[in-house]
Amino acid sequence: MKTQIGIIGAGPAGLTLALLLQKQGINAVILENRSREYVEARVRAGLLEQNTVDLFDELNVSERLHKEGLAHHGMYLSFDGVRHYVPYTKLTKGRATTIYGQQEVVKDLIKACIERGIPIHFETTATAIDGMETSSPTIQFTQNGENQSLTCDFVAACDGYHGIGRKHLPKDSYNEYRIEYPFSWLGILAYAPPSCDELIYSYHENGFALLSLRSPTVSRLYLQVDNGDKIENWSDTAIWDELEKRLHTEGWNLQRGEIFEKGITPMRSFMIDKMQHGRLFLAGDAAHIVPPTGAKGLNLAVADVKILAKGFASYFKKKNIQLLDNYTKTCLKRVWRVQDFSNFMTYLMHKQAPHGSFEYHLQKAKFDYIQYSKAQAMTIAENYVGLKAI
Ligand code: RFL
Ligand code: PHB
C-alpha cells in the first residue's frame, strides 16, 4: 500500500487531519486499531472551543453539531458552596463554547471521511515505523492476522497516549515532562435533565465535583476520588449523594436519574518538547496530556493537526519545508499555555491539602480574587474559550 500521509489513529486528531488534507488534494490513509463501533462509542470529552467549532465549520462537518450541540456562554465556579458566574462570552467579546460529546464528533468525522473517499482501516494495528529519516517511511501493521506495510511520504502518529508513534522518537531527542496528580475522576452519564444549563466546577471539603451535560435529557457529572479507588466501591446512590453534597448551594437541587455509564480516569499532565523526527510527526494525545479540568485535550489535538496540515500543504504545493520544520515550535506555544491553564484550573478546584490549611487559604484567595477582579475573570475566560492568537 502507498499514500502521501500515513495516519495512525482514528481519534479526533487523525480524522480531522485526514479531512484537512483531503481539502487540499493530499491523499491519506488512516489505520485504526479498534473497530468503528468501538471508537464511535468511546465516551470522553464534551466541550468544544470556539476555534474547534470554527474549524469543523470550515471542513463542512458541523451540521449535526449545530443542531444538537449546546452553545454555552458562561460557567459557574463554586467554592465551599459559594457560586460565582464567569460570563466568558461577554468577557471575550463574543467567543462561546459548545457542548457536544466526543463520540458524536468522531461519528461525524468518520462519516465525512468515508463519504469523501478517505480510506480508514479499522481493526488494523500499526506495529512499527521504519525509515523515518528517508523520504519514504513505512508503517508496518497487522490486519486480519496478516503483516502488511504502508509506504508514505510522511507519517502522522495521531495514536493517543498509549500509541507507538512517541516510542519511535529517538530517546535522546526530546525532554519529557510529567505530573501524576494524587487524585482521579469518577465520571458518570445519566438519564437526568441537567440541573443547570451551564457547567458548575465546584470545590468542596470532600473534594472536587463537576456538573456537565450532553443534552436536555442526559447529564455528565464527575467526582474527585483517590487514586486506586475502584468503581465497584461506588453504588449509584453513593455517587448521587456525594454529588449533591459537593455541588450544593442555597436554593438549588440536583436532579437524579438512571446512571448508564461510569468509570474512573487518572489525572496527569504530560508532554514532550519535540513532536517530530525526520518524516514522523506526532499530534494530539500522542504528544501531550492535560488534566480534564480545563476541557482542553480534544481542542489541543485539533489545534495541532491544523498546523500540521498547513505544513504538509506548503510542502506538497510549494515544495517549502519551513512550516514542517517549525511544527514543534509552533505547536509548543499553545501546548505550554494550555498545560499552564489546565494545571491552574486543577489546583484551583481540587482538594489537595487539608481543609483549612495554609494551602487551602491560598486556593480560596485565588477563587475570591475571580469575584473581585474583572482582570482575573477575563484571564480565566479567554483561556477557557481558547486563545485565538496562538
Ligand atoms: P485519541 O482519541 O486517543 O485517539 C487515538 C486513536 O489511536 C488509536 N491507536 C492506534 N491505531 C492503530 N495502531 C496503533 N498502534 C494504535 N494505537 C492507538 C486508538 O485506538 C485511538 O482511536 O487521541 P486524539 O485523537 O489525540 O484525541 C485526544 C482526545 O481524545 C482527548 O484529548 C480528550 O478526550 C481529552 N478530554 C477532553 N478534551 C476536551 O477537549 N474537552 C473535554 O471536555 C475533555 N474531557 C477528556 C475529557 C478526556 C477524558 N478521559 C477519559 C481521558 C474527559 C475525560 C474523562
Ligand atoms: C465533559 O462534559 O465531559 C467535560 C466538561 C468540562 C470539563 C471536562 C469534561 O472540564
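Before moving on, here are some points about what is shown:
- Each residue in segment 290-326 was checked for being aliphatic (A, V, I, L, M), farther than 19 Å from Phe56 by Cβ and surrounded by fewer than 23 Cβ atoms within 10 Å (Cβ to Cβ), and 3 pass.
- Cβ separations smaller than 7 Å between residues 6+ apart or across chains give the following pairs from segment 362-375 residues that are free of Cβ contacts under 8 Å to residues at least 60 places away in the same chain to residues that are surrounded by 10 or more Cβ atoms within 10 Å (Cβ to Cβ): Lys366/Leu348; Tyr369/Gln376.
- Qualifying residue in segment 55-77 (condition: open to solvent by 10 Å² or more (accessible area, probe 1.4 Å) and under 30 Å from Ala128 (Cα atoms)): no
- Scanning segment 142-161 for residues that are touching a His at 6+ places or on another chain (Cβ under 8 Å) and of a type outside the set (S, T, N, Q) turns up just one, Ala157.
- Filtered residue count, segment 342-370, keeping only those that are out of contact with any Lys or Arg (no Cβ under 6 Å at 6 or more places or on another chain) and open to solvent by less than 10 Å² (accessible area, probe 1.4 Å): 6
- Meets criteria (in contact with a His (Cβ under 9 Å, 6 or more places away or on another chain), among the aliphatic types (A, V, I, L, M) and surrounded by 14 or more Cβ atoms within 10 Å (Cβ to Cβ)) for Ile164: no
- Scanning segment 213-238 for residues being in a loop (DSSP other than H, G, I, E, B), surrounded by 13 or more Cβ atoms within 10 Å (Cβ to Cβ) and not acidic (Asp, Glu) gives a total of 4.
- Selection count, segment 266-289, where residues are small (Gly, Ala, Ser) and buried (at least 24 other Cβ atoms within 10 Å of the Cβ): 4
- Here Ile179 meets each of (1) in a strand (DSSP E or B); (2) over 19 Å from the mean Cα position of the chain (by Cα) with one exception, condition (2).
- Qualifying residue in segment 7-25 (condition: closer than 14 Å to Val155 by Cα, open to solvent by 20 Å² or more (accessible area, probe 1.4 Å) and in contact (Cβ under 8 Å) with a residue 24 or more places away in the chain): no
- Residue within segment 113-122 that is loosely packed, with under 14 Cβ neighbours inside 10 Å and part of a helix (DSSP H, G or I) present: yes
- In summary, Ile264 fulfils each of the numbered conditions (1) assigned to a loop (DSSP other than H, G, I, E, B); (2) in contact with a helix residue (DSSP H, G or I) (Cβ under 7 Å, 6 or more places away or on another chain) with the single exception of condition (1).
- When each of Thr125, Thr98 is tested for being farther than 26 Å from Gly25 by Cβ, open to solvent by 10 Å² or more (accessible area, probe 1.4 Å) and within 16 Å of ligand 2 (Cβ to nearest atom), the lone residue that passes is Thr98.
Each row is one residue, and each column tells you yes or no for (1) over 23 Å from Gln140 (Cα atoms); (2) within 15 Å of ligand 1 (Cβ to nearest atom).
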{"residue": "Gln255", "(1), (2)": "yes, no"}
{"residue": "Lys262", "(1), (2)": "yes, yes"}
{"residue": "Ile272", "(1), (2)": "yes, yes"}
{"residue": "Met275", "(1), (2)": "no, yes"}
{"residue": "Phe281", "(1), (2)": "no, yes"}
{"residue": "Asp285", "(1), (2)": "no, yes"}
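- Residues that are within 16 Å of ligand 1 (Cβ to nearest atom) and more than 22 Å from the chain's Cα centre (by Cα) within segment 200-252 comprise Gly207, Asp229, Ile231, Trp234, Ile239, Leu243, listed in sequence order.
- Top-ranked residue in segment 144-168 [being closer than 19 Å to Gly11 by Cβ and part of a strand (DSSP E or B); ranked as farthest from the chain's Cα centre (by Cα)]: Leu150
- Unique residue being out of contact with any Ser or Thr (no Cβ under 6 Å at 6 or more places or on another chain), within 15 Å of ligand 2 (Cβ to nearest atom) and modelled with pLDDT of 95 or more when the list is Ile289, Ile272: Ile289
The values are calculated or read from the model by the stated rules, or taken from the named source; none is laboratory data. All values derive from a computational prediction rather than experimental measurement. Using ideal geometry, Cβ is built from the backbone for each residue, glycine included, and neighbour counts are taken over all protein chains shown. Each accessible area value is taken on the protein alone, full model and side chains, heavy atoms only, with ligands, DNA and RNA left out. Shrake-Rupley method; radii C 1.70, N 1.55, O 1.52, S 1.80 Å.
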